[in-house]
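Data first, discussion second: the structure below is written as structure tokens.
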Amino acid sequence: ENPELDRKRHSLAHLMAAAVWRMFPEAQFGVGPVIETGCFYDFVLPRTLIPEDLELIENDMRALLKENLVFKVQEIELSDAITLFTKLNQPLKVELLQDLATRGTTAMTPEERGDFGEDLKITLYRLENEDTGEDLFVDLCKGPHVEHIRELRGLGFNLDKFSGSYWRGDQDRNIQMQRIYALGFSDKKELKQYLHQREEAKKRDHRELNKTLRLFDFDDEVGVGLPLWLPNGGLLIELLESLAKQKETAQGYHRVKSPHLAKSDLYHRSGHLPYYEDDMYPAMEIDNEKYYLKAMNCPHHHKIFASDPKSYRDLPIRLAEYGTCYRYEDSGSLMGLMRVRSLQMNDAHIYCTEDQFEAEFKKVIELYLEYFQIFSIEKYQMRLSKHSVEKLGKKYVNEPELWVKMEDLVRQVLINLDVPFVEVEDEAAFYGPKIDVQIWSVIGREFTLATNQLDFAVPKRFSLEYIDSEGNAQTPLCIHRAPLSTHERFIGFLTEHYAGRFPFWLAPEQIRILTVNDSTDVMNYVSQVQEMLNEVVLMKPLKYNEIRHTVDTSSESLGKKIRTATQQKIPVMIIIGPKDVEAQQVSIRTQDGEQTIGIRELNVFLAEFAL
């Protein structure tokens, strides 16, 4: 958070609106909030904007920056505000004010509520020319703004784009508007860095890279948001799952499997119905029973835990599953692999005593840190999401003392491990505090990876019990964790993080052998190289002794073969021609360069390259 930068961005939105008003005197104004990269403003304009308009508006904004302009605040009565904006022919502002008079802010969007202070006082901000006394723009606004326009002169800004929008976000009942986005950063250097990062992000977009990598596909007859994994993507999934199984087996996890659907009774008992019904696929009627596609694995795992009596000697019990879940995401929010309706989750649930919690939660966090190292994730942050006292019994389980105690347990683990974290109010799960894990790619793009959740409520709903050392029945705590997120989201992240150039161990196709011709000598030599590849044993981070390779014997030129393999991000190309056969060598070409080595040195090269 940067309050000073937000103040400047807010002022930039009004400056943009002033320039639009000068260009279109009949413009009607909606709202103009600050956003993460700058601001936007919504307008009703007499014609559709064209790209050249943005340049004209931005040039006028820069001209206004040179003038003697100040922001002046004025407190005003509601009735006087309605009269003023009626005279200014601003019906949308009048509508907001009339709503405030009749219904308060309950019917307003967060952006609209931002026009009013907490005490609902009506304040205006005028952008005024001190030399002439002219008002360039008047708006409903709670502020704050800069005092003088000169404070914006060092700001790095430009008008970024325009798009369509709807007044109050309601496309069915309300008027269509045009939204102009402005980028605003502390200085020109930061703006330049952001634009470079965004350009890099476009190049790394997993949807674009997928056109050559061919990891996944979507098909209308299958359904939106339901990815089909192609062979290369299927290999990535197998490798990630093998890695997870290797790590989890070492930590004492037991692998389980659960069905893709269940009766509604299960989800009512867990508390997911009716609260999350809108995020689930509609119920199916079978034998007069309602069944739902599984949206989460935890209720099934609770049933697996309860299938046999448990003693305190059995705990902790760690149940892991790459279960497929289905969530009915709004079609407008679907985005490649990042937001889908079918997801395979690296899920596990740890059932433990309160005394065991700290050690178990510590192991979970340490597993995250280990994965961060494997995948070269250098920047990350944990968000400790807590409850809201005011919403106990409504949004959260009504156990005030337990909430405080459990949040402190989670906080202490994070402090002891010295991992970066922030605390946020009113974002916990209904059954306990959670950790949201934020990670950044190598170009600084932020992703939400997964969550860890401490559940002290739902085990009671399922009557989960273990017998303690005194012979008494106790309810275990449950830790929900998914360090590798879902296959969909994590592979989408990794594709962008590595720009499609996966590490050697993770690349679906590790080596492509390119032949100069298909003579008998060359093809016999290719077979000799393949035998050697099948004998190589690599150990990082997974042990495997079958190098994934193909042979390109097509009639294309060698240059075309190299370009194709390079576009498809193949880590290693082995080029073989008659001269290589004669010299008993191979030409090695990687994404970073080319070298020639003897065939007997190939296993040494690969062992070093795989590191």
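Here are the numbers for the structure shown:
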quantity: Debye, to nearest 20: dipole size of the chain, +1 on Lys, Arg Cβ, -1 on Asp, Glu Cβ; calculated: 980 debye
quantity: Dipole moment magnitude, nearest 20 debye, the range 221-326 about Cα centre, only Lys, Arg, Asp, Glu C-beta charged; calculated: 580 debye
quantity: Radius 10 Å from Cβ of L159, net charge of other residues (Lys, Arg +1; Asp, Glu -1); calculated: -3
quantity: Whole-angstrom gap from the range 424-496 to the range 310-327, using each part's C-alpha centre; calculated: 12 Å
quantity: Farthest positive-ward along the range 462-584 dipole, Cα basis, beta-carbon charges - from G471, M539, W505; calculated: W505
quantity: Given charges at beta-carbon only (K, R positive; D, E negative), |dipole| of the range 184-238 in Debye; calculated: 480 debye
quantity: P(r) histogram, all alpha-carbon pairs of the range 205-250 included - 5 Å bins from 0, percent; calculated: 5, 20, 19, 21, 16, 11, 6, 2, 0
quantity: Set K72/K386; K66/K189; K203/K257 screened for pairs whose C-alpha atoms are more than 30 Å apart; calculated: K72/K386; K203/K257
quantity: Spatially close lysines, pair count over the range 471-611: Cα under 27 Å, gap of eight or more or interchain; calculated: 7
quantity: Top positive-direction residue, dipole computed over the range 1-91 with Cβ charges, set Q28, P3, L88; calculated: L88
quantity: Proximal charge balance of K290 [Cβ under 9 Å; K/R count +1, D/E count -1]; calculated: -2
quantity: For peptides 9-17, 298-306, sequence by mean Cβ density within 10 Å, most packed first; calculated: 9-17, 298-306
quantity: Segments 193-201, 150-158 sorted - mean Cβ within 10 Å per residue, highest first; calculated: 150-158, 193-201
quantity: Sequence of E496, E531 from largest to smallest accessible area, 1.4 Å probe; calculated: E531, E496
quantity: Cβ-based charge dipole, the range 202-259, positive-most Cα from W229, T249, L209; calculated: T249
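The values are calculated or read from the model by the stated rules, or taken from the named source; none is laboratory data. Everything numeric here is computed off the predicted structure, so don't read it as measured data. For neighbour counting, all protein chains shown are included, and Cβ atoms are generated from backbone atoms with ideal geometry for every residue, glycine included. Side chains are part of the model used for accessible areas, which takes the heavy atoms of the whole protein and leaves out ligands, DNA and RNA. Shrake-Rupley method; radii C 1.70, N 1.55, O 1.52, S 1.80 Å.
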